[in-house]
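J.: Mind having a look at this structure? Questions to follow.
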């Protein structure tokens, strides 16, 4: 594993343990050259999934994009990181076990929306405002009233 500080090729594993959701192995490493310590995560990847974006552009599935979006939507909501990791891992497993080599970006967005709807209504509305491209206050009002009808918290 390349050191993120000095780019040396070798590091030593100092500690390994399962992550909180048991979906990854967390490893503490130490660079053999500069001595810096850093953490890596090892996850199972069932298959290489391509994301079909609008305009027929394709790119490899990137878990970090979902992590960033979910983290931003849940910012200052007091939701435990473990619950966010479970949501993200669940979406990733769902995508990888669909049996398809390609998945539409829209389908991923809907999975995130459904997960956030069940997790936190404010985070759900935040994500939807960007995902559905709200342009006016009326868009928020209409969407928020539909969330209340669904029984969001």
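J.: So if each residue of separation counts as 0.36 nm, and I subtract the Cα-Cα distance between residue 56 and residue 8, what length gain in nm does that give?
T.: Difference between extended and current length: 13.4 nm.
J.: Against the longest alpha carbon principal axis of the chain, how many degrees, from 0 to 90 and to the nearest 10, is the axis of helix 63-73 turned?
T.: 50
J.: Compute the angle between helix 121-131 and the longest alpha-carbon principal axis of the chain, please, reported from 0 to 90 degrees and rounded to the nearest 10.
T.: Once rounded, the angle reads 90 degrees.
J.: Further question on the same structure: Would segment 1-43 count as rounded, prolate or oblate if I go by the C-alpha gyration tensor, calling it rounded below 1.5 in a/c and otherwise prolate when a/b exceeds b/c, oblate otherwise?
T.: Because a/c hits 1.5 or more and a/b exceeds b/c, segment 1-43 counts as prolate.
J.: Based solely on its DSSP helices, what 222 nm [θ] is calculated for the chain when runs of n ≥ 4 H residues each add -39,500 (n - 2.57) and the sum is averaged over all residues, nearest 500 deg cm²/dmol?
T.: So the calculated ellipticity at 222 nm is -14000 deg cm²/dmol.
J.: Sorting 85, 133 on the 10 Å Cβ count, fewest up front, what's the list?
T.: The most exposed by this proxy come first: 133, 85.
J.: What Kirkwood Rh does segment 11-66 have if only Cα atoms enter the pairwise 1/r average? Answer in Å.
T.: 13.8
J.: Relative to the longest principal Cα axis of the chain, at what angle does helix 105-119 sit, 0 to 90 degrees, rounded to 10?
T.: The two axes meet at around 80 degrees.
J.: Consider the candidate values (1) 39, 34, 29; (2) 58, 37, 26; (3) 58, 40, 30; state which one is Cα extents along the principal axes in Å computed from the structure displayed.
T.: Computing Cα extents along the principal axes in Å and matching it to (1) 39, 34, 29; (2) 58, 37, 26; (3) 58, 40, 30 gives (2).
J.: Would you mind ranking 11, 145, 129 by Cβ crowding within 10 Å, fewest neighbours first?
T.: 145, 129, 11
J.: Based on the Cβ-Cβ distance from residue 32 to residue 63, what FRET efficiency comes out when R0 is 22 Å, to the nearest 0.05?
T.: 0.20
J.: Another one. In nanometres, what is the gap between the two model label sites at residue 25 and residue 138, each 7 Å from Cα along Cα-to-Cβ?
T.: Placing both labels 7 Å along Cα→Cβ, they lie 5.7 nm apart.
J.: With a/c under 1.5 counting as rounded, go ahead and sort segment 73-153 into rounded, prolate or oblate using the C-alpha gyration tensor (a ≥ b ≥ c being the square roots of the eigenvalues; past the cut-off, prolate if a/b is larger than b/c, else oblate).
T.: Oblate shape, in that a/c is at least 1.5 and b/c is the bigger or equal ratio.
Taken together, the values in this text are just the output of simple stated rules run on the coordinates, not laboratory data. All values derive from a computational prediction rather than experimental measurement. Reconstructed Cβ throughout: ideal geometry from the backbone, glycine too, with neighbour counts over all protein chains shown.
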